[in-house]
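Comments concern the structure below.
The values are calculated or read from the model by the stated rules, or taken from the named source; none is laboratory data. Just so you know, these numbers come straight off a predicted model, no measurement behind them. Cβ sites come from the backbone with ideal geometry, for glycine too, and all protein chains shown count toward neighbours. Please note that ligands, DNA and RNA were not included when accessible areas were found on the heavy atoms of the full protein model with its side chains. Shrake-Rupley method; radii C 1.70, N 1.55, O 1.52, S 1.80 Å.
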Amino acid sequence: LFHMRIMYISRLDPKSNRAHVYNTLMTCAAVSKIDSHQVTLVTAGSTPPHEKHISRTSVVVPGGSQKVVCIGYLWNIKLYHAGGLRSKMSVIIQNLQLCAYITKRRRKYDVLYFRDPLLFIPPLWAKFLLAKPVYFEIHAELKKPISQAFNNVLASIATGNITITHALEEYYRKRSTHITTIYCAASEPEQFERVVSSVGTLREDLPLPQQ
């Protein structure tokens with residue numbers, strides 16, 4: 001079997017209960033079960049308070065747990081939520097931290113994967129300096145012109161793009177022909193009109209948190 005080593009970079013807080021964190025953890029855990037693929041989830045978000053250096057934490061998800069490598073520090077999050085220039089500094093620092101990490105460990109992964117458009121430096125770094133395939137999971141067309149410009153560049157240089165709606169696929173196909181769609185009921189409800197089960201039943205069956 002072909003063994004692919006995937007490095008998934010992010011800025012998430014692995015202990016958060018927000019939907020995108022849970023979705024990312026579940027995605028990594030699910031892909032890790034396919035044909036012996038290995039997914040390393042690396043975050044430049046907050047590190048547990050008692051940690052001062054790179055650490056590993058295990059987050060429980062249905063069917064097992066997902067290992068997360070934390071390379072960020074608590075002051076990253078504090079800076080980000082401070083707003084203004086300090087917030088922008090935090091994002092730049094996180095980008096540089098991830099660049100250093102993916103460079104030092106460039107022989108330990110085959111593919112770089114990301115969904116956060118604010119992580120715009122590591123994909124470019126991996127693609128053009130490390131010669132790594134880069135995959136971009138796209139969740140939106142952004143409102144701010146400068147932010148959307150970054151999205152367009154990332155979509156155009158990515159080895160492959162994954163969108164969550166057909167509308168996004170149509171929009172970004174102008175930037176890249178290497179694109180495919182996965183489904184998200186919240187974004188394309190017309191694709192799920194035949195679903196008659198209640199939300200609670202679906203959450204229990206999938207399984208998803210009840211709250």
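Among residues of region 151-173 that are farther than 16 Å from PRO117 by Cβ, those with a Cβ under 9 angstrom from a residue that is basic (Lys, Arg) and surrounded by 17 or more Cβ atoms within 10 Å (Cβ to Cβ), sequence gap 6+ or separate chain, pair up as THR159/LYS127; THR159/LYS132. Candidates are the residues of region 169-183 that are under 19 Å from the mean Cα position of the chain (by Cα) and over 18 Å from HIS20 (Cα atoms); the one that is least open to solvent (accessible area, probe 1.4 Å) is TYR172. One residue stands out in region 188-211 among those that are under 15 Å from ASN23 (Cα atoms) and modelled with pLDDT under 75: the one that is surrounded by the fewest Cβ atoms within 10 Å (Cβ to Cβ), namely GLN211.
Having 1 or more residues that are more than 20 Å from TYR113 (Cα to Cα), of a type in the set (S, T, N, Q) and at pLDDT below 75 is the bar; report the strands (runs of 3 or more DSSP E) wholly within region 27-100 that clear it.
So the answer is 55-61.
Inspect region 132-151 for any residue being open to solvent by less than 30 Å² (accessible area, probe 1.4 Å), at pLDDT 95 or above and outside any loop (DSSP other than H, G, I, E, B) and give the result as yes or no. Within region 132-151, one or more residues are open to solvent by less than 30 Å² (accessible area, probe 1.4 Å), at pLDDT 95 or above and outside any loop (DSSP other than H, G, I, E, B). Checking the conditions here, which among ALA44, ALA30 is within 21 Å of ARG203 (Cα to Cα) and out of contact with any Asp or Glu (no Cβ under 6 Å at 6 or more places or on another chain)? Matching residue, one of ALA44, ALA30: ALA30. The residues in region 94-116 that are open to solvent by 50 Å² or more (accessible area, probe 1.4 Å) and without any contact (Cβ under 8 Å) to a residue 60 or more places away in the chain can be counted, and the count is 5. Every condition in (1) open to solvent by less than 70 Å² (accessible area, probe 1.4 Å); (2) without any contact (Cβ under 8 Å) to a residue 12 or more places away in the chain holds for LEU119 except the one numbered (2). Within region 25-40, residues that are open to solvent by 70 Å² or more (accessible area, probe 1.4 Å) reach partners that are among the hydroxyl-bearing types (Ser, Thr, Tyr) with beta carbons closer than 9 Å, at six or more positions or on different chains, in the pairs GLN38/SER32; GLN38/TYR109.
Which residues, counting only those in region 152-182, are small (Gly, Ala, Ser) and assigned to a helix (DSSP H, G or I)? Answer for region 152-182, where residues must be small (Gly, Ala, Ser) and assigned to a helix (DSSP H, G or I): ALA155, SER156, ALA167.
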